[in-house]
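Shown next, in structure tokens, is the structure this report addresses.
Nothing in this text is a laboratory measurement; each read-out follows from the coordinates by a stated rule. Please read these numbers as outputs of a predicted model, since none were measured by experiment. Ideal geometry is used to build each Cβ from the backbone, glycine not excepted, and the neighbour counts take in all protein chains shown.
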Amino acid sequence: MLRVLLVEDDAAVSRSIAQAFRLEQIALHVCKSVEQALPLISDPTVGAVVSDVRLPGQDGFAMLAAVQEFDTELPIVLITAYAHIALAIQAIREGAYDFIEKPFSADRLVDVVRRALEKRRLVLDNRRLRDALREQDGSLLVGHSSAIERARQRVAALAAVDVDILINGETGTGKEVIARALHDTSERKGNFVAINCGAIPETVFDSEVFGHEAGSFTGAQKRRIGKIEHAHNGTLFLDEIENMPLVMQVKFLRVLQERKLERLGSNDIVPVSFRVVAATKESLRKLSDEGKFRRDLYYRLNVVTIDMPALRDRREDIPVLLQHFTRMASARFDRPLPTWTAEQLRRWMEADWPGNVRELRNFADRLVLGIGEDTVNEASSIDEIVAAANAASLSARVNAFERQLIEDALRQNQGIVAKTAEALHLPKKTLYDKLRKHRIEPAR
């Protein structure tokens with residue numbers, strides 16, 4: 001449970017806030033000074049900070065700066081009895097979530113804090129999602145294009161929602177990665193069970209998916225728990241669902257609607273609770289119109305969808321993906337990083353990549369191993385790389401150049417944001433905004 005860190009030296013104000021929060025069941029920890037509060041901001045249970053501006057020792061703006069230095073997405077609310085417009089503007093510009101003038105009503109502070117805590121919960125959920133994606137080869141979602149950003153936002157919004165999902169995308173776009181991330185960041189504690197509907201022979205599909213009882217057919221010597229039952233309290237991932245046999249689609253639709261199944265050779269009803277994440281590289285709508293996929297199952301699955309973009313629709317991501325994949329391969333194979341010319345990068349960005357990100361990753365492996373047809377020894381400058389990316393939009397090229405400059409400056413300043421901002425002649429707040437925009441982690 002997230003709690004609020006209150007920094008207030010006035011005992012009467014602290015008691016009043018504590019009473020209001022207790023009535024609203026908001027956990028609170030009170031400190032009398034910034035010096036006392038500073039060691040606590042790294043506590044993962046702290047979801048928001050409320051600080052007076054006038055304090056003994058360091059003031060509320062010092063607390064604001066410390067919070068921004070630690071985590072720009074940790075909300076901090078400043079309160080003061082000496083408010084004026086300039087002070088409020090300064091607070092918001094420097095990253096404060098809100099600015100409240102004393103005396104204030106308990107209801108107003110509670111409302112602001114509730115919104116701050118909810119924002120923090122969403123931030124932490126998104127971070128857990130990103131961690132899960134990294135564990136499941138999250139490199140498939142690396143990039144800054146609008147197409148991949150839409151997919152990331154969709155996953156973050158749906159991860160904790162207990163709803164069945166249909167993922168559309170070509171081979172190699174990362175559909176199973178998305179399915180695993182949705183499972184790992186959900187509340188479901190059961191198994192993640194993946195079924196490739198095109199890889200199971202139709203003759204054994206019933207037994208494999210729904211299970212069977214001993215003696216239900218020749219060779220069935222004992223009871224078998226099917227894939228659906230194995231996914232109880234977890235996630236059932238149906239890859240290439242367009243290849244599910246039509247006769248099995250009828251049976252699966254009933255299980256999907258009732259969340260109950262019968263094993264082959266049994267009359268007993270087995271209740272099951274599972275989330276379905278289905279994936280297809282074909283248009284189920286088109287297949288249903290042609291009678292190759294049941295229309296009722298299509299409509300049952302097509303409630304919430306995630307569309308994974310093809311690599312040709314996010315060409316501006318190819319440079320950063322190549323950089324990411326070659327670094328991974330270099331560490332995995334213990335080989336030096338390859339280099340390439342601007343002309344080669346331009347050619348790669350214009351390629352079709354029918355295998356999408358998976359094909360690009362394999363290509364990066366070959367470059368690192370020195371068996372690719374395009375390995376070179378001469379590195380390209382930033383200007384050459386950006387100039388070569390002429391298949392990308394102007395904004396994408398500007399963003400790529402800006403990101404590279406910021407990363408270079410961070411490396412030169414040992415990841416220290418304050419020194420980097422000074423070197424780039426930027427206000428710290430502006431640099432923090434750009435770090436969030438480009439998803440750059442200074443420590444890394």
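Summing charges over all other residues whose Cβ lies under 12 Å from the Cβ of residue 427, with Lys and Arg as +1 and Asp and Glu as -1, gives +1. Judged by the ratio a/c of the largest to the smallest principal axis of the C-alpha gyration tensor, the stretch 274-337 counts as prolate, that ratio being 1.5 or greater while a/b is larger than b/c.
The antiparallel fraction among DSSP beta bridges confined to the chain stands at about 10%.
A straight Cα-to-Cα reach below 29 Å connects residue 429 with the lysines 32, 102, 119, 419, 437, residues fewer than 8 places away in its own chain not being considered. Among beta bridges identified by DSSP and lying wholly in the stretch 136-309, the antiparallel ones come to about 15 percent. Let me make sure I get this right: for the stretch 136-309, a, b and c are the square roots of the gyration tensor eigenvalues over alpha carbons, sorted descending. Under 1.5 in a/c it's rounded, otherwise prolate if a/b > b/c, else oblate. Which is it? It comes out prolate by the Cα gyration axes. Remark: 251, 102 ranked as 102, 251, counting other beta-carbon atoms within 10 Å and listing the fewest first. Residues considered: 32, 292, 222. Largest GNM mean-square fluctuation over the chain, using C-alpha springs under 10 Å, is found at 222. Based on C-alpha pairs under 8 angstrom that are at least 6 apart in sequence, the stretch 1-140 has a relative contact order of 21 percent. Electrostatic tally near residue 413: other residues with Cβ closer than 13 Å to its Cβ, Lys and Arg +1, Asp and Glu -1, net 0. Of the peptides 108-117, 175-184, the ranking by mean beta-carbon count within 10 Å, highest at the top, reads 175-184, 108-117.
Mean sequence separation of contacting Cα pairs (under 8 Å, at least six apart), scaled by the length of the chain, corresponds to a relative contact order of 12 percent.
Label separation (residue 438 vs residue 334): 3.3 nm, computed from points 7 Å beyond Cα along the C-beta direction. What separates the Cα centres of the stretch 179-204 and the stretch 250-329 is a distance of 10 Å. By the rule of a C-alpha distance below 12 Å, with chain neighbours fewer than 8 residues away ignored, the aspartates and glutamates paired with residue 227 are 206, 208. Relative to the current alpha-carbon distance between residue 123 and residue 11, full extension at 0.36 nm per residue lengthens the span by 37.1 nm. Ranked for footprinting exposure by Cβ neighbours inside 10 Å, fewest first, 45, 326 give 45, 326.
Taking the number of Cβ atoms within 10 Å of each Cβ as an exposure proxy, the fewest-first ranking of 341, 305 is 305, 341. Rounded, prolate or oblate: which one fits the stretch 3-126, using the alpha carbon gyration tensor with axes a ≥ b ≥ c (rounded when a/c is under 1.5, else prolate when a/b beats b/c, else oblate)? The shape class here is rounded.
Other residues whose C-beta falls under 15 angstrom from the C-beta of residue 105 contribute a net charge of -2, scoring Lys and Arg +1 and Asp and Glu -1.
Projected onto their three principal axes, the Cα atoms of the chain cover extents of 83, 63, 40 Å, largest first.
Within a straight-line Cα-Cα reach of under 19 Å, residue 286 can be paired with the following aspartates and glutamates, leaving aside sequence neighbours fewer than 8 residues apart in one chain: 170, 239, 240, 242, 296, 307. Put a dot 7 Å past the Cα of residue 204, heading toward its Cβ, do the same for residue 147, and the two dots end up 3.8 nm apart. Relative contact order, whole percent, for the stretch 153-272 stands at 27, derived from Cα pairs under 8 Å and 6 or more residues apart.
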